[in-house]
């Protein structure tokens, strides 16, 4: 009788005691009273179990993606597709990081009747969270029985890292300075065929690039000027070896937030941002995201950062440099670096047209010395203090 409430179990115990006492002392009235008391919760249990509520539930998140620290609104529609119900208690199951469960008490519902429930979720940490399923509790008017049924169905809430607005700085390199009057060659680098793409239906035939078409045996066309973008490779060192702390107190969290801020800022300035991590390619945007434009690519990269965990590997993978993706602007967000890492980053700075490094202060006193060493290797480096603002560090890199 696990569906019995405390009140129902007390009645069962009292009824059983009355029956036993009545038998022992030979009082039939005690036995009759005990049987009536025993019958009440048992009858309530049978009725509730035989006529469970037929409830459907549809959950609508106000935004499937929010930034950490923002509030998401959840709207739940509940409907009755069976016979008339009694009072219902609806419990929304939530992850611990989104707060405690949400409880709603609904009045008896007629067949076909609907009700709308609303509540807010306060997000504090990045990640992907499941909202739901819901538990619906049905009982009798006397509160003797509580039968809980799970209404299947969950929704996913994606919480992206916190970001902050960054100032526009002069991004200078070996070719030219950055600004509104930048030329096509500015920090472009990379493939010599970056202005050639595959022919698409509707393209002007006068833009067909015949030498490339003949070489690839595929119609290729010259891109329009407006299709060209500056290239930027954004490297995040997310190795567990490089950071201090665990969970949301780890220095990985400000590193991820800094990277997300740079993704937004550089994309808004017209850069085609290629996200890389210490593992190499986990941040590579999908072809679909690239085809759908800059906004979808930024969203995809923020989704990658939202669920990024510390990597157990101690090796910094820079294999993508050998795949023809070098050149352009390189921005690195790093923390602690080993001796081999520093040598590898020296080569990475040489592969780009300009190299900037945001060095997190992990509390070991090595950040300033690391910045000085990176500067000797061709980087412009600045320290991001613990609890400090990335905007100030970014401004320092532009001096």
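Counting only Cα atoms, the size of region 227-397 along its three principal axes is 44, 34, 31 Å, in decreasing order.
The protection proxy used here, the mean number of other Cβ atoms lying within 10 Å of each residue, ranks peptides 378-391, 250-263 as follows, highest first: 250-263, 378-391. Comparing 113, 75, 314, which has the greatest mean-square fluctuation in the GNM of the chain with Cα pairs linked when under 10 Å apart? Result: 113 has the largest fluctuation of those listed.
When peptides 25-37, 142-154 are sorted by average Cβ neighbour count within 10 Å, with the highest value leading, the order is 142-154, 25-37. When the helices in the chain are scored as -39500 (n - 2.57) per DSSP H run of 4 or longer and the sum is shared across all residues, what 222 nm value do you end up with, to the nearest 500 deg cm²/dmol? Counting only the DSSP helices, I get -9000 deg cm²/dmol. When peptides 328-340, 205-217, 5-17 are sorted by average Cβ neighbour count within 10 Å, with the highest value leading, the order is 328-340, 5-17, 205-217. Shown is the FRET efficiency for residue 344 and residue 395, computed with R0 = 25 Å from the Cβ-Cβ distance and rounded to the nearest 0.05: 0.35. Placing a pseudo-label 7 Å from each Cα along the Cα-to-Cβ vector at residue 150 and residue 214 gives an inter-label distance of 6.6 nm.
Helix 294-306 and the long axis of the chain differ in direction by around 60°, with both axes built from C-alpha atoms. Compute the FRET efficiency between residue 49 and residue 130 as 1/(1 + (r/R0)^6), taking r as their Cβ-Cβ distance and R0 = 22 Å, and round to the nearest 0.05. Approximately 0.15, to the nearest 0.05.
Taking only the Cα atoms of region 33-74, the radius of gyration and Dmax are 21.9, 62 Å.
How large is the translational diffusion coefficient of the chain in µm² per second when you combine the Kirkwood radius over alpha carbon pairs with Stokes-Einstein at 10 °C and 1.306 mPa s? Answer from the Stokes-Einstein relation: 61 µm²/s. Stokes-Einstein diffusion for region 55-160, with the hydrodynamic radius set to the Kirkwood value over Cα pairs and evaluated at 20 °C in a medium of 1.002 mPa s, equals 148 µm²/s. Applying 1/(1 + (r/R0)^6) with R0 = 56 Å to the Cβ-Cβ distance of residue 313 and residue 20 gives a FRET efficiency near 0.20. Comparing 315, 81, 201 in a Gaussian network model of the chain, where Cα atoms under 10 Å apart are tied by springs, the biggest mean-square fluctuation is seen for 201.
None of the figures in this text is laboratory data; all of them are computed from the coordinates on show. Just so you know, these numbers come straight off a predicted model, no measurement behind them. So basically every Cβ, Gly included, is an ideal-geometry build from the backbone, and we count neighbours across all protein chains shown.
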